[in-house]
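Taking it in order: structure first as structure tokens, then the write-up.
No value in this document is a laboratory result; all are computed from the given coordinates. Predicted, not measured: the structure shown is a model, and the values here were computed from it. Every residue, glycine as well, gets a Cβ built from its backbone with ideal geometry; the counts of neighbours run over all protein chains shown.
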Amino acid sequence: MRAAILRAYGEPLAVRELPDPEPAPDGAVVSVDACGVCRSDWHAWAGHGEWANDRVPRGQVLGHEPAGEVVDVGDEVDRFRPGDRVVVPFSLGDGTCPHCRRGAGNVCEDGRALGFEAAAPGAFAERVAVPAADYNLVERPEWLGATAAAALGCRYMTAYHALAERTTVGGGDAVAVHGCGGVGLSAVQIAAALGARVIAVDVDDDALALATEFGAAETVNPASLPEEDDSVPERVRDLTDGGADVSLDALGIAETCRNSVRSLRPRGTHVQVGLTTDAERGEVSLPTDWMTRWEISFVGSRGMPPTSYPDLFALIEATGIDPGDLVARELSLSEVSDRLAAMDEYEATGVEVVTDFEG
């Protein structure tokens, strides 16, 4: 099979032929029809994460947002058979630990991160192996095509978990989204579908235009505001009559994280989704005294457990929102390196998905 392999940080991926994977006794092999290209792939490609002992090893097959069809299963697999249409979550649980049993497989104590560690080769490849298939694989509804499912595979489900499960956004809530890349736009669409009034924040007017298209009621471009430390939070507070109920940092740099926290009303909730870069190295200073005074909650959110997919599918069906609308570009496998490099300067808009694994 053809696969894109990380050979050197910040350098083009090597597209090479590799042996087809075999399923573990409890695992499955999925033929990949589509796989999204995410900012988390960019973090891996750039070599980030050593400060948290989380640097992706060289030699890794990247890619963590696959959708496709089961082609082989192990002897211990009961729920899936060849021909089944599936989505593969990137946070793979073992299905047996206390967290998995409580429906929180995304924080499994013995979990694997698809495409980010040697034990879980990724899906920038024609085929991908999935461990603990009965727990991790998600049946794909007939109405959900592979390209839209790949858009849903990390950023969309991450946004859903952040807004509907790590906090509980509902009708009438004011939600600020800082950073309108793939996960940020997903958050805009999902928050609007949950009945929230959404304020989208980004320095790119094209990204803000997309945010408006996907349901943002107001937009804020920091580049158009006075050069003051508190200008973005002040603008959000003005637009929300005192601050957002929920504010989400979808980017992960110190500025957006602090702006998000400062955008909240008393007893509001900040949700951290974006991962930091070399500049922050995993740590951001926060206004803790102010957060204590106003009882601000700060929660982290990573991926989504596979057991939550039915609820996400139900929301999509009930509201008519379409994760496929976020797909701005379909790619060949050989184009992935250029698109990762484009993320250095935030040049990618919307969600980009690999659908051609031969080119």
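A compact table of results
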quantity: Three-way shape label, region 156-300, alpha-carbon gyration tensor, a/c 1.5; calculated: rounded
quantity: Amide hydrogen neighbours beyond the local backbone of THR219, cut-off 5 Å, H modeled; calculated: ALA200
quantity: Mean separation of Cα contacts under 8 Å (6+ apart) over length of the chain, as relative contact order %; calculated: 19 percent
quantity: Least to most buried among HIS270, HIS178 (fewest other Cβ within 10 Å first); calculated: HIS270, HIS178
quantity: Difference of contour (0.36 nm per residue) and Cα-Cα distance, SER285 to ASP75; calculated: 70.6 nm
quantity: Region 78-157, relative contact order in percent, only Cα pairs under 8 angstrom and at least six apart counted; calculated: 35 percent
quantity: For TRP42, TRP51, order by how many other beta-carbon atoms lie within 10 Å, fewest first; calculated: TRP51, TRP42
quantity: Most to least packed among 33-40, 238-245 [average Cβ atoms within 10 Å]; calculated: 33-40, 238-245
quantity: Signed unit charges on C-beta, dipole axis of the chain, positive-most listed residue VAL232, HIS270, GLY320; calculated: HIS270
quantity: Net charge of neighbours whose Cβ lies under 13 Å from the Cβ of LEU326, counting Lys and Arg as +1 and Asp and Glu as -1; calculated: -4
quantity: For region 329-345 and region 92-136, distance of Cα centres in Å; calculated: 25 Å
quantity: Cβ crowding within 10 Å averaged over residues, with 123-130, 220-227, 89-96 ranked highest first; calculated: 123-130, 89-96, 220-227
quantity: Positive minus negative residues near GLY303 (Lys, Arg vs Asp, Glu; Cβ under 13 Å); calculated: +2
quantity: Burial ranking of peptide ranges 209-217, 59-67 (average Cβ count within 10 Å, highest at the top); calculated: 59-67, 209-217
quantity: Spin-label pair ARG55/ASP278, simplified geometry with 7 Å Cα→Cβ offset, distance in nm; calculated: 1.1 nm
quantity: Computed over region 1-72: relative contact order in percent, which uses C-alpha pairs under 8 Å that are six or more apart; calculated: 40 percent
quantity: Distance between region 11-26 and region 178-252 - C-alpha centres, whole angstrom; calculated: 39 Å
quantity: Inter-label distance, nm, simple model (7 Å from Cα along the C-beta direction), SER231/ALA118; calculated: 4.8 nm
quantity: Sites ASP20 and ASP110 - FRET efficiency at Förster radius 22 Å, r taken between beta-carbons, to 0.05; calculated: 0.30
